[in-house]
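Shown next, in structure tokens, is the structure this report addresses.
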């Protein structure tokens with residue numbers, strides 16, 4: 001089943017082509033860059049452009065931040081809380097490695 005707005009979308013694209021909106025685009029006439037995962041290329045591009053990172057990378061960044069904070073913290077109660085947070089993150093990282 002086509003998208004309900006497909007006719008409108010096609011009309012807008014045709015009008016843009018007629019008006020020359022696609023003329024002289026950067027890379028026109030050149031082959032597309034290689035893509036490892038063409039089915040998810042658009043999603044990967046959106047995630048990259050928005051600064052999103054995979055869960056494992058985000059967890060490791062958080063872990064590095066907490067470890068640096070632990071080094072700078074002298075208060076025993078705060079250190080204990082940081083150590084607990086670090087342990088939770090290390091467990092999450094371990095579990096993410098086991099899943100994928």
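The values are calculated or read from the model by the stated rules, or taken from the named source; none is laboratory data. Note that the coordinates shown come from a computational prediction; the quantities given were computed from them, not determined experimentally. When we count neighbours, we look across all protein chains shown, and the Cβ atoms used for this are built from the backbone with ideal geometry, even at glycine.
Right, residue 87: modelled with pLDDT of 95 or more and either surrounded by 14 or more Cβ atoms within 10 Å (Cβ to Cβ) or part of a helix (DSSP H, G or I) (or both) or not? Yes; evaluated as a whole, the condition is true for this residue. Contact annotation: residue pairs with Cβ atoms under 9 Å, 6 or more positions apart or on different chains, pairing a residue in the stretch 71-97 that is in contact (Cβ under 8 Å) with a residue 40 or more places away in the chain with a partner that is in a helix (DSSP H, G or I), are 96/55; 96/56; 96/59; 97/56. In the stretch 31-44 there is no residue matching the filter, namely being part of a helix (DSSP H, G or I) and either in contact with a strand residue (DSSP E or B) (Cβ under 6 Å, 6 or more places away or on another chain) or farther than 29 Å from residue 99 by Cβ (or both). Residue check: residue 78 meets all listed conditions (1) modelled with pLDDT of 95 or more; (2) exposed (fewer than 11 other Cβ atoms within 10 Å of the Cβ) but one, namely (2).
Criterion first (closer than 30 Å to residue 99 by Cα and surrounded by 11 or more Cβ atoms within 10 Å (Cβ to Cβ)) does residue 16 satisfy it? No, not satisfied.
Pick out the one residue from 52, 28, 21 that is in a loop (DSSP other than H, G, I, E, B) and exposed (fewer than 10 other Cβ atoms within 10 Å of the Cβ).
28
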